[in-house]
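Engineer: Okay, here's the structure, questions in a sec.
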Amino acid sequence: MESVEKQQHVSSAKESRLSEKKKDMLSGYLYVAPFFIIFGIIGLYPAVFSIVLAFQEWNGLGEMDFVGLRNFTVVLQDPLFWKSLYNTVIIGLMGTAPQLIVGLILAYFLNMAAVRFTNFFRVTIFMPYITSMVAVALVFGVFFSSNETALANYVIGWFGIDPVSWKTSEWGAKFAISLMVFWRWVGYNTIIYLAGLQSIPKHLYEAATIDGANKVQQFMHITIPLLKPFILLTVFMATVGALQLFAEPTVFLGSSAFTRDEAMTVVMYLYRDAFSLGSFGTASATAILLLIIIVGAAALNTWLTSGAGRRKKGA
Amino acid sequence: MSEHVKKRFKRGNIPVYIALGFASALSIFPFYWMFVMATQPSAAYNSIPPTLLPGGMLIENFQKVLNTIPFFQAMWNTILLCSVVTIIVLLISSLSGFAFAKFSFPGKNFLFICILLTMVIPPQLGLIPQYYLISQLGWLDTLFGAGVLFLLNPLGIFLMRQYISESVPDELIEAAKLDGCSNFRIYRSIVLPIIKPAFATLGIIVFTLVWGEFLWQFTVLRDPSSYTLQVALASLNNSFNVDFGMLLSGVFWATVPLVVIFLIFNKWFISSITEGSIK
């Protein structure tokens, strides 16, 4: 496809002697073309197709049947959809909120002028991020196995808690999955916050110290406001990522992933509709509902975060 | 790090060291434990107190992995997939980035905004039509099918445009033009050598992204001979009576290469995160 375009350009180039400017223009279009060609085929076309599909009944093989809004009403009346949305939100909150707070604290410690060995701490704390989601889910799957002798049960035994059947209990499964999300992403957020902290000019703190502000006041009135762009970025990414959760619960639960509902997420619900039940129409409707939820939640969370920063600044 | 003042150990910071040490230990423990379990029989898992020292079944457990999944085939598939996708993405991104940074053509800003907007589309929106498209092309169970989705990388174009406009001087390009260099020649002989560090950053981002992605590979690759590492590892957990020693042996050997690469190039990995997200 590219070479055809190139030929066209070359032949048109011969017709009229091109000025330097025109040549640049053609190169420009030619160089940005691959992205748009690929985007058209595997990005835009599927997105449009998805929207069309949401209003059809289709099993992927036969004729499509236009059914209006029925796919949406089917999904919205399905208790399992609401359960999966509930699971996604709960796991999202438990997995991401602590991650951002702990990340911020660790970054603050790593940025303290008097602390040594920061490179060692930075590398080890970041290391979980390089493991794949599948590997994390499998390791945590053994750690939180449903056996009474699971290592996780041994650990909670220290605190006098009875063994939990992690993979088949409502809160056990959610806790284990939240914890693996937390473990994998804390270091990532720490690194981003650390870069943010290092971008804050030191003289601001010196001036505040001279004015008599203590460490907590400095943190609330200098660090947090100046870190806001970084916090917004991580909140945005964590929100979007949490609502798309798929690999961790699917791999963690293994063979029972699509038959139990304790940890089924919205993307798993969508996947099950399409690839286990062959209902492409309702799966597409779910995809569109999820898109709306993601846009709404991302907007809400970024708005809340920036609002919180503003209030603190004003106080 | 750039400060020349030697940091001194202060007693008041002991709680900070304890917190950081605790965080480091918790970050590393699963890696260590994965190794321990990969050297133990499955029964070791049931012992109380838990086994925390390595045993002698390192080879046997891995042998069981090899009997269960095509491990080396999957490893090869993953490396091939990641490498080819990374090279193509680097080419596409640097060419587009070059065009957006140094050429002027009508609609340039509009096209660039379009690219940024494509970042917002969540990948699952198109999952079903993408699957259908790939199946119609006959690319199910092939690395073509698994890789094609990753060729779309708006972030890459964004990073490259940024880097090229900052680090390739306009005068150099003008001079090359006066010498009669074609635009592609300028790209190859002037731009490419300058943007090598950006290639490292973007290369790490793309390579690790494709290495760890699961949903799409799991959807498209159903035949064991086409499995990538992630899909193969996930399939280890699909029976009701899993041999934990074998399972974690598979995870361990699939994780070791990445950990080694990370420990050698950790500075680049970490800067790829900050550059990739903050620019």
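Engineer: I want to confirm something. Restricting to the range A:119-173 and keeping residues that are charged (D, E, K, R) and surrounded by fewer than 20 Cβ atoms within 10 Å (Cβ to Cβ), which single residue is nearest to the other protein chains (Cβ to nearest Cβ)?
Structural biologist: A:Glu148
Residues are listed down the side, and each one gets a yes or a no for (1) in contact with a Gly (Cβ under 7 Å, 6 or more places away or on another chain); (2) touching a residue at least 12 places away in the same chain (Cβ under 8 Å):
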site	(1), (2)
B:Ala25	no, no
B:Phe31	no, yes
B:Gln40	yes, yes
B:Ala43	no, no
B:Leu53	no, yes
B:Ile59	no, no
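Matching residues to (1) within 9 Å of chain A (Cβ to nearest Cβ); (2) at pLDDT below 80; (3) closer than 19 Å to A:Thr131 by Cα:
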{"position": "B:Ser2", "(1), (2), (3)": "no, yes, no"}
{"position": "B:Pro15", "(1), (2), (3)": "no, no, no"}
{"position": "B:Leu26", "(1), (2), (3)": "yes, no, yes"}
{"position": "B:Ala43", "(1), (2), (3)": "no, yes, no"}
{"position": "B:Gly55", "(1), (2), (3)": "no, no, no"}
{"position": "B:Leu58", "(1), (2), (3)": "no, no, no"}
{"position": "B:Gln73", "(1), (2), (3)": "no, no, no"}
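Engineer: From (1) at pLDDT 90 or above; (2) away from chain B (no Cβ under 13 Å), pick out the condition that doesn't hold for A:Gln99.
Structural biologist: Single failed check for A:Gln99: (2).
Engineer: Based on this model, can you work out whether A:Arg272 counts as at pLDDT 90 or above, basic (Lys, Arg) and either at positive phi or touching a helix residue (DSSP H, G or I) at 6+ places or on another chain (Cβ under 7 Å) (or both)?
Structural biologist: So A:Arg272 fails the test.
Engineer: Go through the range A:134-250 and tell me which helices (runs of 4 or more DSSP H), entirely inside it, have 2 or more residues that are in contact with a helix residue (DSSP H, G or I) (Cβ under 6 Å, 6 or more places away or on another chain).
Structural biologist: Where helices (runs of 4 or more DSSP H) fall fully within the range A:134-250 and carry at least 2 residues being in contact with a helix residue (DSSP H, G or I) (Cβ under 6 Å, 6 or more places away or on another chain), they are A:151-158, A:170-198, A:202-210, A:224-243.
Engineer: All but one of (1) among the small types (Gly, Ala, Ser); (2) touching a Lys or Arg at 6+ places or on another chain (Cβ under 9 Å); (3) under 29 Å from B:Pro154 (Cβ atoms) hold for B:Ser271; which doesn't?
Structural biologist: Condition not satisfied by B:Ser271: (2).
Engineer: Limited to the range B:174-202, what total is found for residues that are closer than 27 Å to B:Leu263 by Cα and either within 12 Å of chain A (Cβ to nearest Cβ) or touching a Leu at 6+ places or on another chain (Cβ under 6 Å) (or both)?
Structural biologist: Residues meeting the conditions: 2.
Engineer: Any residue in the range A:73-81 that is surrounded by 19 or more Cβ atoms within 10 Å (Cβ to Cβ) and more than 8 Å from chain B (Cβ to nearest Cβ)?
Structural biologist: Yes: one or more hits.
Engineer: Follow-up question, since we're still on this one. Just checking: which of the helices (runs of 4 or more DSSP H) contained wholly in the range B:160-215 hold 1 or more residues that are farther than 30 Å from B:Ser226 by Cβ, assigned by TED's automatic domain parsing to the domain that holds B:Ser94 and small (Gly, Ala, Ser)?
Structural biologist: Values: elements: B:170-178, B:183-186, B:196-212.
Helices (runs of 4 or more DSSP H) meeting the threshold: B:170-178, B:196-212.
The values are calculated or read from the model by the stated rules, or taken from the named source; none is laboratory data. These numbers were taken from a predicted model, which means no experiment stands behind them. Note: ideal-geometry Cβ built from the backbone for every residue, glycine included; neighbour counts use all protein chains shown.
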